[in-house]
Amino acid sequence: MNAEQMNFDLPILAPSILAADFSRLGEELQTCADADIRWFHCDIMDGHFVPNISYGPGIVAAVRESQPEAFLDVHLMIEDPDRYLEDFADAGADLISVHYETCPHLHRTIDAIRSLGCMTGVVINPATSAELLRPILAYVDLVLIMSVNPGFGGQAFIESSYRKIAELGAMRSEENAEFLIEVDGGVGLKNAGKLVQAGVDILVAGSSIFKADDIPGRIAELRNSAIKSSEKTV
């Protein structure tokens with residue numbers, strides 16, 4: 001399924017709630033929604049696959065309750081994700097992404113996500129080759145490129161990610177596939193436009209948005225940079 005079928009205009013700006021102030025989570029989500037944010041990114045960390053623990057299905061359910069019309073993009077940075085797919089689907093996930101590195105039977109996991117009524121995504125870490133995803137590309141709705149090593153927010157963008165984005169875009173054309181390309185990690189004003197020009201459809205931004213003094217203003221700046229770049233590539 002492509003973005004047009006989902007009723008989204010590209011590029012999409014997706015705030016990562018990992019960087020939000022959880023004591024004011026509902027308020028900050030509404031601030032984003034009032035700035036026309038319709039897609040939220042939920043980073044789930046287990047302290048095993050990545051060296052940090054974030055939150056679980058309860059927070060995802062709270063986001064769903066706060067923003068019933070929003071699209072919830074749930075990114076599982078966890079070992080053995082198959083055990084928790086149903087929990088996150090029940091919590092309100094619209095799309096569930098799993099890491100290539102954690103799924104020995106990736107096709108089976110993707111099928112399980114789809115059977116729960118969710119859209120499907122696959123994620124790769126910075127050191128994982130995009131070419132390894134070729135066998136699964138026809139079966140997923142989204143591919144997420146990690147442009148930092150997962151586990152903590154606020155890291156610097158890894159510049160080699162641009163090459164991986166280009167490789168993935170080429171494979172999308174070669175395979176006649178329609179998956180969306182998402183990037184997460186170190187996304188901000190300095191690179192949002194360049195990432196869209198490279199072929200990114202969805203920009204995940206955490207600290208860049210939620211740590212800004214003016215959240216609506218920062219959203220507008222990022223969106224303007226991304227839209228201008230997308231118009232240049234047409």
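The values are calculated or read from the model by the stated rules, or taken from the named source; none is laboratory data. Just so it is clear, the structure is predicted and the values come from calculations on it, not from any experiment. Glycine gets a Cβ as well: all are built from the backbone with ideal geometry, and neighbour counts include every protein chain shown. Accessible surface is based on the protein model in full, side chains and every heavy atom, while ligands, DNA and RNA are left aside. Shrake-Rupley method; radii C 1.70, N 1.55, O 1.52, S 1.80 Å.
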Within the range 147-168, residues closer than 12 Å to P126 by Cα and either part of a loop (DSSP other than H, G, I, E, B) or open to solvent by less than 30 Å² (accessible area, probe 1.4 Å) (or both) come out as S147, V148, N149, P150, F157, I158, E159, S160, S161, K164, I165
For S66, the lone unmet condition from (1) among the polar types (S, T, N, Q); (2) over 21 Å from A20 (Cβ atoms); (3) in contact (Cβ under 8 Å) with a residue 40 or more places away in the chain; (4) surrounded by fewer than 19 Cβ atoms within 10 Å (Cβ to Cβ) is (2)
Checklist line | Test: residue in the range 85-100 that is in contact with a strand residue (DSSP E or B) (Cβ under 8 Å, 6 or more places away or on another chain), among the charged types (D, E, K, R), at negative phi and part of a loop (DSSP other than H, G, I, E, B) | finding: yes
| said: Taking the conditions exactly as written (in a strand (DSSP E or B) and among the charged types (D, E, K, R)), does D82 satisfy them or not? | reply: no
Listed by first then second residue, the pairs whose first member lies in the range 36-51 and is touching a residue at least 12 places away in the same chain (Cβ under 8 Å), whose partner is open to solvent by less than 10 Å² (accessible area, probe 1.4 Å) and hydroxyl-bearing (S, T, Y), with beta carbons under 6 Å and at least 6 positions apart or on separate chains, are H41/S16; D43/S16
**Message:** Would you confirm whether or not the range 9-20 contains a residue that is in contact with a strand residue (DSSP E or B) (Cβ under 9 Å, 6 or more places away or on another chain) and of a type in the set (D, E)?
**Reply:** no
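Conditions (1) open to solvent by 10 Å² or more (accessible area, probe 1.4 Å); (2) under 23 Å from Y139 (Cα atoms), marked per residue:
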position: A170; (1), (2): yes, yes
position: E182; (1), (2): no, yes
position: K194; (1), (2): yes, no
position: Q197; (1), (2): yes, no
position: V200; (1), (2): no, yes
position: L203; (1), (2): no, yes
position: S208; (1), (2): yes, no
Result of the Cβ filter at 6 Å on the range 76-94, keeping first residues that are within 25 Å of F8 (Cβ to Cβ) and touching a residue at least 40 places away in the same chain (Cβ under 8 Å) and partners that are part of a helix (DSSP H, G or I) and of a type outside the set (A, V, I, L, M), at least 6 apart or interchain, is F88/P57
- Query: Among the residues of the range 194-205, is any out of contact with any His (no Cβ under 7 Å at 6 or more places or on another chain), under 26 Å from T31 (Cβ atoms) and assigned to a helix (DSSP H, G or I)?
  - Reply: yes
The condition from (1) outside any helix (DSSP H, G or I); (2) touching a helix residue (DSSP H, G or I) at 6+ places or on another chain (Cβ under 8 Å) that R218 misses is numbered (1)
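Within the range 109-120, is even one residue under 23 Å from I158 (Cα atoms), outside any strand (DSSP E or B) and of a type in the set (S, T, N, Q)? Please lay out each step first, then the result.
Taking the range 109-120 as the starting set, the residues that turn out to be under 23 Å from I158 (Cα atoms) are none.
Within the range 109-120, not a single residue is under 23 Å from I158 (Cα atoms), outside any strand (DSSP E or B) and of a type in the set (S, T, N, Q).
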Exactly one of P126, P135 is part of a loop (DSSP other than H, G, I, E, B) and either open to solvent by 10 Å² or more (accessible area, probe 1.4 Å) or of a type in the set (S, T, N, Q) (or both), and that one is P126
Exactly one of V74, V60, V50 is under 17 Å from the mean Cα position of the chain (by Cα), assigned to a helix (DSSP H, G or I) and buried (at least 18 other Cβ atoms within 10 Å of the Cβ), and that residue is V60
